[in-house]
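Peer 1: Could you have a look at this structure, given as structure tokens, before my questions?
The values are calculated or read from the model by the stated rules, or taken from the named source; none is laboratory data. Just so we're clear, the structure is a prediction, and the values are computed from it rather than from any experiment. Here Cβ is always computed from backbone atoms with ideal geometry, including for glycine, and neighbour counts include all displayed protein chains. With ligands, DNA and RNA removed, areas are computed over all heavy atoms of the protein, side chains included. Shrake-Rupley method; radii C 1.70, N 1.55, O 1.52, S 1.80 Å.
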Amino acid sequence: MTDSVTLTIDGQQITVPAGLTVVDAARRAGIEIPVFCYHPKMEPVGMCRMCLVEIGRPMRDRATGEFLHEEDGSIKIQWGRKLETACTARVMEGMVVRTTTDKVSEARKAVLEFLLTSHPLDCPICDKGGECSLQNLTMAYGPETSRFYYEDKERAPKHVPLGDLIILDRERCIKCSRCIRFQSEVVDDPVLTFYQRGHHTDVATFSDPPFDSYWSGNTTDICPVGALTTVDFRFGARPWEMRPAASICTLCPVGCNLTFDVRREAASGGKMVIKRVLPRQNEQVNEIWICDKGRFAGYHFAESAERLTQPLVRKNDELVPASWDEALRAASHGLEAARGKFLALASGRLSNEDLFNLARLTDALGGVKALDSFIAGGDLTAQFGLGEGSNLADLGPGDTIVVVASDLEEEAPLWWLRVKQAAERGATLIVANPRFTKTERYAKFALRYRYGREAEIVLGLADQGCNCGGEAVKAVAEADRLVVFYGQEGIGLRASRALAHAVAHLLVKTGHAGKPGSGMVGVWPRANDQGAWDMGFRPQDDLAAALKAAKAVVVAGADPAGDDPALAAALDEADFVVVQELFLTETARKADVVFPVLAYTERGGTYTNGELRVQRFYPAVPAPAGLLADFAVTARVGERLGVVLEARSPAAIMHQIAETVPTYASVTYEKLAEVREQYPLIRRTDLYYGGTAYENTRGLGVALKPAGREGETPSLEAPAAPEAPSAALLAVPVTRLYDRGALVGRSGTLEPRLPQGAFVVLHPEEAARRGLADGAQAALKVAAGTYAVTVRLDRQAPEGVVLVPRSMGVPVAEIASCELGTAN
Ligand code: SF4
Ligand code: SF4
Ligand code: FES
């Protein structure tokens, strides 16, 4: 089969990749074939008939297979007697397509007239009005009048909650099944279905809780009418009132490209506010999808009334409002006295520019650059990560993906989706985890190990020592490209360091280290952890001791005191604490000086995602008066200490980063803003095709060139993994997408889906041994204290362990013995 096909559409000869549908081929030639049920990211079903066209196929001599020719020498074309659906017809050599004949336009009129027989036509009050495929295509191709009586229209309920986040207007649904197919085909959460027949056909959910999926918001983007709307945007604004601002999701290391739609409104006191979050196309990162966490919890924290609005300084043991001058004076005084005994603790919540300035200040003061993270290995991912020339969408037959110690959909949903797709395309997927996760559904090999033994199993894959039948070892050794994700399941700092080394070892041993398309990916807890490593920040083996040893501490974008009582106690011992924060966190309450900072929605900057792609975000709303970005706060503090730091713009800081950090040498703000054509061609001008996701006009980012491409090899002296305690019951930290973290916990929209209190998950037998039933209140005793938790049962949890979700109020840094019993 040839790779490309030449055909003629409306007299225009085009050459396109073989296998395309006629709809997609026409788009590449700039010819519009309207669709409703077809979506370029899903298999065609030919349900709505909106795409009917005339198709002619070249005739061949049955004996020779040669084309037959007309007298004038042109190839003889056989036209079908009926119109055909362009969404199900695949292009073929010599095909001829007509999309503008009378027959076609009559068919389009008929389809639209039929759809409108039962449509409420409430466009003036419909949320989709202005960006509705049915509205737009009716205007372009529909009949001017209807032969049907308005009074005979079917009536149906207009407010049917499909779940906590999505509302269905049954009258508006045109039964295209895009939402149902998205849920089953794309994200494998088949929780929607049609029920009833004919005119009564209706979309329904059958999961408990209803519409139980991390992906539900995407159905509102691809619904071609206003039948599906999100609870937060429903009746919120008209599309033409808003302007788009390009941004990046900050809630996990994928870095999905987003668009914030913003408008100024009276209800918000005349302020510019974000009205909704939509995906922005980046086929190398998130395609046109985002998860519900990014959509419904990505920015609400920035609008919280609890935001800090002015600096605070401690006086008489109380934090009181102060001027910037006073706060800067106090901070510089305290830091000056701590030269040589200083520690800066930052997190991957900060942008590269913030981290760079803080790193330079810390170096100038002779301090320690500490990273608030429980996963190690960022130095190795910088060497052997994916970066330039890599795209998960390229993986297929001959390639192997290993996912180890990660419940990928919970930790980084878009990576889960892209790994699933790669497996469906034919890549070999190996999932190594102590319990079943959704990723395993697509795995060719599922490897089990006891919590704490994750590095061992990876080393086994590398050195043929694992008991996985040799087939998995072979799939790794012989892979054209090898990608290894290592994540957060049961992982603490020491265990992840051993695991990261084991993964690097695997890449080196199998000859994949430094090869484009191959590499290791840390499933980091925060969006810019990779950037923080690149700017020189490192997790501390004993952060409490490091805090105690410092004479002064600057904490930026982290809340160690809120996360762990031991760190809170350590901060109490530090002589002088400066905090840069959005909120008065537990850590800020302990500070001597608190600087309020801008949220990422109010400023520009860059993040580096886990695939080593640097991506730029733009200000969506104006910066509130009196607040500064983190990089500017650091620069002001530096100025008082005689340390000159760039503060004019993040672009200027990136210039310095490029000069200082070798792997960033080619990164500029101009390059970050570059775009090129992406397929499928998603455009805002023709929403009928891809939905309301935004075309990317503000930058696809720059993939870094990992240092390991230059032939460097890592030290393969793997640090020993910590011994897992041998207690009867182990507390194992795990990550859930929905937690009560500082940012997500402030999303009112997502609130009904967030856990209401601390909970633990364990096997029913394990619970029964302790007299605990599902939903029981229990007491969990761990090193940090005893905590009240709700018990949830899950047969997939291994016996002998209690899974303790992070950011839910029970601090478990790494696997440790615990006790669980009935609450008194
Ligand atoms: S709700 Fe929307 S996407 Fe789903 S079948 Fe109806 S029209 Fe199609
Ligand atoms: S997958 Fe991650 S980056 Fe993407 S929208 Fe969800 S939380 Fe945000
Ligand atoms: S039948 Fe082709 S778009 Fe619906």
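Peer 1: If I stretch the segment between Asp325 and Tyr195 completely, what's the gain in nm (0.36 nm per residue apart, minus their alpha carbon distance), one decimal?
Peer 2: That works out to 40.2 nm of additional length.
Peer 1: Which is the longest part of the chain that has none of the trypsin sites (Lys or Arg not before Pro) sitting in a DSSP loop with at most 10 other Cβ atoms within 10 Å?
Peer 2: Here the longest segment lacking exposed loop sites spans 198-647.
Peer 1: In the chain, what percentage of the DSSP-assigned beta bridges are antiparallel, given to the nearest 5?
Peer 2: Within the chain, antiparallel bridges account for around 55 percent of the total.
Peer 1: Further, regarding this structure: Carbon-plus-sulfur fraction of the accessible area of the chain, 1.4 Å probe, in percent?
Peer 2: The nonpolar share, carbon plus sulfur, comes to 49 percent.
Peer 1: Further, regarding this structure: Assuming 0.36 nm per residue, please report the length gained on full extension of the stretch Glu336 to Val675 beyond their Cα-Cα distance.
Peer 2: Length gained between Glu336 and Val675: 117.5 nm.
Peer 1: In sequence order, what are the phi-derived ³J(HN,Hα) couplings for the stretch 620-631 according to the Karplus relation 6.51 cos²θ - 1.76 cosθ + 1.60 with θ = phi - 60°, rounded to whole Hz, with x for glycine and proline?
Peer 2: Karplus values, whole Hz, x for Gly and Pro: 9, 10, x, 5, x, 4, x, 10, 10, 5, 3, 4.
Peer 1: Something else: Hey, what D do you get for the stretch 378-523 in µm²/s if you plug the Kirkwood alpha-carbon radius into Stokes-Einstein at 20 °C and 1.002 mPa s?
Peer 2: D, rounded to a whole number, is 148 µm²/s.
Peer 1: Can you bin every Cα-Cα distance in the stretch 676-824 into 5 Å intervals starting at zero and give me the percent of pairs per bin, rounded to whole numbers?
Peer 2: Percent of pairs per bin, in order: 2, 8, 13, 13, 11, 9, 9, 9, 10, 9, 6, 2, 0.
Peer 1: What are the semi-axes of the equivalent ellipsoid of the chain, taken as the square roots of 5 times the eigenvalues of the Cα gyration tensor, listed largest first and rounded to whole Å?
Peer 2: 48, 31, 28
Peer 1: For the chain, find the longest principal axis of its Cα atoms and tell me its angle to the long axis of helix 454-463, 0 to 90°, nearest 10.
Peer 2: Taking Cα atoms only, the helix is inclined about 70 degrees.
Peer 1: Which pairs, out of Lys438/Lys705; Lys474/Lys671; Lys369/Lys420; Lys271/Lys315; Lys103/Lys175; Lys548/Lys705, put more than 30 Å between their alpha-carbon atoms?
Peer 2: Table pairs above 30 Å Cα-Cα are Lys438/Lys705; Lys474/Lys671; Lys369/Lys420; Lys271/Lys315; Lys548/Lys705.
Peer 1: How far is helix 413-425 tilted, in degrees, relative to the longest principal axis of the Cα atoms in the chain, given as a value from 0 to 90 rounded to the nearest 10?
Peer 2: With both axes taken from Cα atoms, the answer is about 50 degrees.
Peer 1: Which stretch or stretches of the stretch 102-137 have amide N atoms under 11 Å from the point lying 7 Å from Trp240's Cα along the Cα→Cβ direction?
Peer 2: The answer is 130-131.
Peer 1: Tell me, in nm to one decimal, what length is gained between Glu70 and Glu113 on full extension, where the rule is 0.36 nm per residue of separation less the Cα-Cα distance?
Peer 2: Length difference between fully extended and current span is 11.5 nm.
Peer 1: While we're on this one: What does a probe at Asp212 reach in the stretch 170-200, counting residues whose amide N is under 12 Å from the point 7 Å along Cα→Cβ?
Peer 2: From the stretch 170-200, the list is 190-191.
Peer 1: Turning to a different aspect of this structure: Can you pull the one-decimal nm distance between simple spin-label points at Ile125 and Glu106, each 7 Å off the Cα toward Cβ?
Peer 2: Here the modelled spin labels are 3.9 nm apart.
Peer 1: For the chain, which span is the longest to avoid every loop-located (per DSSP) member of chymotrypsin sites (Phe, Trp or Tyr not before Pro) having at most 14 other Cβ atoms inside 10 Å?
Peer 2: Segment 236-824 is the longest.
Peer 1: What's the long-distance tail for the stretch 4-100, i.e. % of Cα pairs beyond 21 Å?
Peer 2: Value for the stretch 4-100 (Cα pairs over 21 Å): 32 percent.
Peer 1: Between Ser666 and Thr822, what's the calculated FRET efficiency when r is the beta-carbon distance and R0 is 60 Å? Round to 0.05.
Peer 2: According to the calculation, E is roughly 0.50.
Peer 1: Let me ask another. Under the definition of Cα pairs under 8 Å and six or more residues apart, what whole-number percent is the relative contact order of the chain?
Peer 2: After rounding, I find 13 percent.
Peer 1: Rolling a 1.4 angstrom probe over the protein heavy atoms, how many square angstrom per residue are accessible across the chain?
Peer 2: About 38 Å² of surface per residue is accessible.
Peer 1: While we're looking at this one, here's another question. Cα to Cα, under 15 Å, and not fewer than 8 places away if on the same chain: which aspartates and glutamates meet these conditions relative to Lys158?
Peer 2: Partners found: Asp122, Asp127, Asp169, Glu171, Asp202.
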